[in-house]
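Enquirer: Structure below; questions to follow.
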Amino acid sequence: MPSQRGLRPIQTSGGRSCEQRWILHIDMDAFYASVEQRDHPACRGRPVIVGADPHGGRGRGVVSAASYEARTFGIHSALPISQAYRRCPEGVFLPVRMSHYQAVSAQIFQIFGRYTDLVEPLSLDEAFLDVTGSLRLFGSAEAIGRRIQAEILTETELRASVGIATNKFVAKVASDLRKPNGFVVVPPGQAAHFLQPLPIERLWGVGPKTAGRLRQMGLMTIGELAARPQLELAAALGPLGAHLWDLAQGIDVREVIPEEPAQSVGAETTFPEDTADPVRIRQTVLALSEGVARRLRVEAIQAGALTLKLRDETFQTQTRSVSLSEPTDQSQDIYRTALMLLERLPFSGRKVRLLGVTASRLSDLMGSGQQLSLEINPAGAKQRRLTEAVDRIHARFGKGAIRPASLLASS
């Protein structure tokens, strides 16, 4: 569809728009866990926890996602996996399949792109969409939101919650109110009324500490905060107070800004138990390198630099970085470089708790010139054909269908 970048509203000095903006906030419901329930029908209706291995309540790491069934046990993202197990030992604990979630996310964002090119991702599973310039072609903002929600369900079998308003803040609050599968529209001019009964924690920038200060001032709801003079809030909280007053009035003039290119691609893992086993450490570096390289190829980008991160048993964290001689998206290149960086880390025999591999200085594969060099580099061409064949096997049969032999012992 035609670009809408020339259709952004013009702001007046008072912060009000000369053109009525329409913003959608779309948030997938329990995304990782819902993908797992979709892919594993036996898990539907059961508490699903995605994250580290709980090891019978002795596991390390945290919860990455929890299904709505698991949330009834008080399980939420970032909760230590050991606590999640103690709260719900009968839950289904599954590993994170990040590359798979990224592929599903790409499907969802393709649906967004059918209606507007003004899409601002917040994560794999949520985004803001400015559909102001799409109304003539697709109908009202509500109609667009309904179509996107339905297409996501039809094409991915997943549910999304939608909030629609004239600015980002109110749309975000709206999408969160009736999860799962929610759909809330806040008409123009009704933002302050819509926000009035909600707790002050719904305001962006209000964490536990700020909420405590506001409650000491007798402010429990957004409406109560909005009723106070802005100068009073600014005197008590500084610039944050003035900002919160604006939000409480339903004022938010920020534009939807499409995603800028990623600055890095990385992966890391925490060992279930600290280890000094050199074979296991190298196997882990290889697995991380494979994952990073696969993501680079999926996103059609190459890395010009690499960083290795190591945290030892004393929680001391060290990193080493190096620029690559030429950009790459090949697993072996990344693995060899990561091993070289590992040898530069003086961890003096201490056990390793965490390892991470990050690729940076990213460039577009199509514009890098790397493909042209293969014509005079038969070995490179052979390696790329092999890699492409492996990627096709992974895409068809799953990431574990084919693996380096050195990783089989760690399966």
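Enquirer: Where nothing but the Cβ of Lys and Arg (+1) and of Asp and Glu (-1) is charged, how large is the charge dipole of the stretch 235-317 around its Cα centre, in debye to the nearest 20?
Expert: I would put it at about 300 debye.
Enquirer: Whole-Hz Karplus ³J(HN,Hα) for the stretch 270-277, in order, using 6.51 cos²θ - 1.76 cosθ + 1.60 and θ = phi - 60°, x for Gly and Pro?
Expert: For the stretch 270-277, the Karplus curve yields 9, 5, x, 9, 3, 9, 10, 5 Hz.
Enquirer: Between the stretch 223-287 and the stretch 32-94, how far is it from one alpha carbon centroid to the other, in angstrom?
Expert: A separation of 23 Å, based on Cα centres.
Enquirer: OK, next. Can you pull a Stokes-Einstein diffusion coefficient for the stretch 132-245 at 37 °C (0.692 mPa s), Rh from Kirkwood over Cα pairs, as a whole number of µm²/s?
Expert: 208
Enquirer: Expressed as cubic angstrom per residue, what is the convex hull volume of the alpha carbon set of the stretch 215-373?
Expert: Convex hull volume per residue, Cα atoms: 196 Å³.
Enquirer: Per residue, how much space in cubic angstrom lies within the convex hull of the C-alpha atoms of the stretch 81-137?
Expert: Residue-normalised Cα hull volume stands at 120 Å³.
Enquirer: A follow-up question, please. Which order do peptides 242-249, 26-33 fall in by mean Cβ count within 10 Å, highest first?
Expert: 26-33, 242-249
Enquirer: Given the Cα-Cα distance of Arg46 and Leu177 and 0.36 nm per residue of separation, how much length would full extension add, in nm?
Expert: 44.8 nm is the gain from fully extending Arg46 to Leu177.
Enquirer: How high is the FRET efficiency between Arg254 and Asp274 when r is their beta carbon distance and R₀ equals 30 Å, given to the nearest 0.05?
Expert: According to the calculation, E is roughly 0.10.
Enquirer: Same structure, new question: Just to check, using Stokes-Einstein with a Kirkwood Rh over alpha carbon pairs, what's the diffusion coefficient of the stretch 280-322 at 4 °C and 1.567 mPa s in µm²/s?
Expert: Roughly 109 µm²/s, to the nearest whole number.
Enquirer: Out of every Cα pair in the stretch 119-190, what percent are spaced more than 15 Å from each other?
Expert: 54
Enquirer: Working only with C-alpha atoms, what are the Rg and Dmax values of the stretch 8-138, expressed in angstrom?
Expert: Using the Cα atoms of the stretch 8-138, the pair Rg, Dmax is 19.2, 60 Å.
Enquirer: Let me ask something additional. On full extension of the chain, what length is gained from Glu326 through Met340, given 0.36 nm per residue of separation minus the C-alpha to C-alpha distance?
Expert: This chain segment gains 3.4 nm when fully extended.
Enquirer: Moving to a separate point now. If I take the Cα coordinates of the stretch 55-213 and project them onto the principal axes, what are the three extents in Å, biggest first?
Expert: 57, 43, 21
Enquirer: Still on this structure, I have one more. Could you work out how far apart the two model spin labels at Ala192 and Gln102 are, taking each label as a point 7 Å from the Cα in the direction of the beta carbon, and quote it in nm?
Expert: According to this spin-label approximation, the distance is 4.6 nm.
Enquirer: Relative to the present Cα-Cα distance, how much length would full extension add between Arg86 and Thr221 at 0.36 nm per residue of separation?
Expert: Gain on stretching Arg86 to Thr221: 45.1 nm.
Enquirer: Could you compute the FRET efficiency for Thr314 and Leu135, with r as their C-beta to C-beta distance and R0 at 56 Å, rounded to 0.05?
Expert: Here the calculated transfer efficiency is 0.45.
Only the coordinates and a few stated rules stand behind these numbers; no lab work does. Bear in mind that the values here come from a model prediction, so they are computed numbers and not experimental data. Here the Cβ is made from the backbone with ideal geometry for all residues, glycine too, and neighbour counts use every protein chain on show.
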